[in-house]
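The values are calculated or read from the model by the stated rules, or taken from the named source; none is laboratory data. The shown structure was predicted, so the numbers you read here are calculated from the model rather than taken from an experiment. In this analysis, Cβ positions are derived from the backbone assuming ideal geometry, glycine residues included, and neighbour counts consider all displayed protein chains. For the accessible areas, the whole protein counts, side chains as well, though only heavy atoms, and no ligand, DNA or RNA atoms are used. Shrake-Rupley method; radii C 1.70, N 1.55, O 1.52, S 1.80 Å.
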Amino acid sequence: MFRYLLCLLSAIALSAMAPSVDAKSYKEITIATDATYPPFESVAADGQLVGFEIDLSHALCEELKLKCKLINAAFDTLIPGLVTRKSDALITSMNINDERKRVIDFTDPYYRMESRFVARKGAGIVISAAGLTGKTIAVQAGTLQASYVRKVYGDVARIKYYQGGSEPFLELLSGRADLHFGFIVQVNDSFLSKDGKDFEFIGPTLSGKDDKTLGEGVAIAIRKEDKELKALLNQGLQTLRKNGTMKKINDKYFPFTLVMD
């Protein structure tokens with residue numbers, strides 16, 4: 001977590017110093033993602049990036065006639081990398097919140113993230129300050145779920161931070177953590193439906209509607225000064241919604257509608 005805070009503070013400083021750039025006609029961009037978050041993004045056996053947001057990236061680039069390079073990076077390095085121009089856009093289930101908006105900008109949201117706690121079946125844990133006192137909660141560093149847990153339960157629970165999206169599940173399986181708080185779809189797809197059959201969701205379903213810390217919706221992150229790119233990407237997202245491509249990609253990965261109209 002300390003590393004993430006340092007990265008974010010560094011990004012704020014770099015953003016303030018970054019020179020303004022003239023609008024340009026985009027023909028090629030680099031898109032960064034954290035490929036530890038199936039079914040949204042992960043690395044296949046052949047080394048290729050795969051997942052919902054990988055398909056979305058390719059569809060967006062094809063629609064906008066952009067040459068796109070996709071790169072994989074740790075989640076807590078994504079914003080600093082964007083600010084320092086190692087990438088031009090982040091398509092990686094990044095939720096909009098006030099802290100991030102201080103440093104970067106976002107397109108219109110394309111889906112809303114709902115989160116929930118998960119614990120071993122029969123553990124009898126109550127999601128409250130009293131119920132989580134002394135418990136160990138494993139979360140992915142740099143996520144809004146981590147920010148929420150730290151804000152609400154940081155004074156009573158022990159919070160452990162991990163770089164990869166799947167690492168908290170290993171902590172649950174080993175007994176080194178009592179709970180994980182994460183995105184429902186990713187937890188179910190990557191854990192409960194596989195190795196985590198002895199675990200279950202507990203407590204309420206939460207989103208940015210319940211607490212602003214959990215964000216305003218998932219969107220593409222871009223630099224503040226890249227207003228032309230923002231408009232271009234918004235145009236592409238709107239077209240993919242209207243022509244049914246967004247729904248087609250949604251239906252490939254999910255048995256329900258995740259994407260926003």
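Table for the structure above
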quantity: Selection count, segment 107-146, where residues are assigned to a strand (DSSP E or B), touching a Lys or Arg at 6+ places or on another chain (Cβ under 8 Å) and of a type in the set (A, V, I, L, M, F, W, C); calculated: 3
quantity: First in segment 167-192 and touching a residue at least 60 places away in the same chain (Cβ under 8 Å), second anywhere and open to solvent by 20 Å² or more (accessible area, probe 1.4 Å) and in a strand (DSSP E or B), Cβ under 6 Å, 6 or more apart; calculated: Ile184/Arg116; Gln186/Tyr37
quantity: Candidate set from segment 66-106 (those that are polar (S, T, N, Q) and more than 18 Å from Leu144 (Cα to Cα)); member that is surrounded by the most Cβ atoms within 10 Å (Cβ to Cβ); calculated: Ser87
quantity: Odd one out for Gln235, checked against (1) open to solvent by less than 60 Å² (accessible area, probe 1.4 Å); (2) assigned to a helix (DSSP H, G or I); (3) at pLDDT 95 or above; calculated: (1)
quantity: Candidates Asp178, Asp155, Asp189 - the one that is closer than 28 Å to Lys247 by Cα and open to solvent by 10 Å² or more (accessible area, probe 1.4 Å); calculated: Asp189
quantity: Residue under evaluation Thr30, criteria (1) farther than 26 Å from Arg112 by Cβ; (2) modelled with pLDDT under 95; (3) under 19 Å from the mean Cα position of the chain (by Cα), criterion not met; calculated: (2)
quantity: Close pairs from segment 106-130: first under 18 Å from Phe199 (Cβ atoms) and aromatic (Phe, Trp, Tyr), partner assigned to a loop (DSSP other than H, G, I, E, B) and open to solvent by less than 80 Å² (accessible area, probe 1.4 Å), Cβ under 7 Å, at least 6 apart; calculated: Phe117/Ile127
quantity: Failed item, numbered, when Pro204 is tested on (1) in a loop (DSSP other than H, G, I, E, B); (2) touching a residue at least 40 places away in the same chain (Cβ under 8 Å); (3) under 27 Å from Glu171 (Cα atoms); (4) open to solvent by 30 Å² or more (accessible area, probe 1.4 Å); calculated: (1)
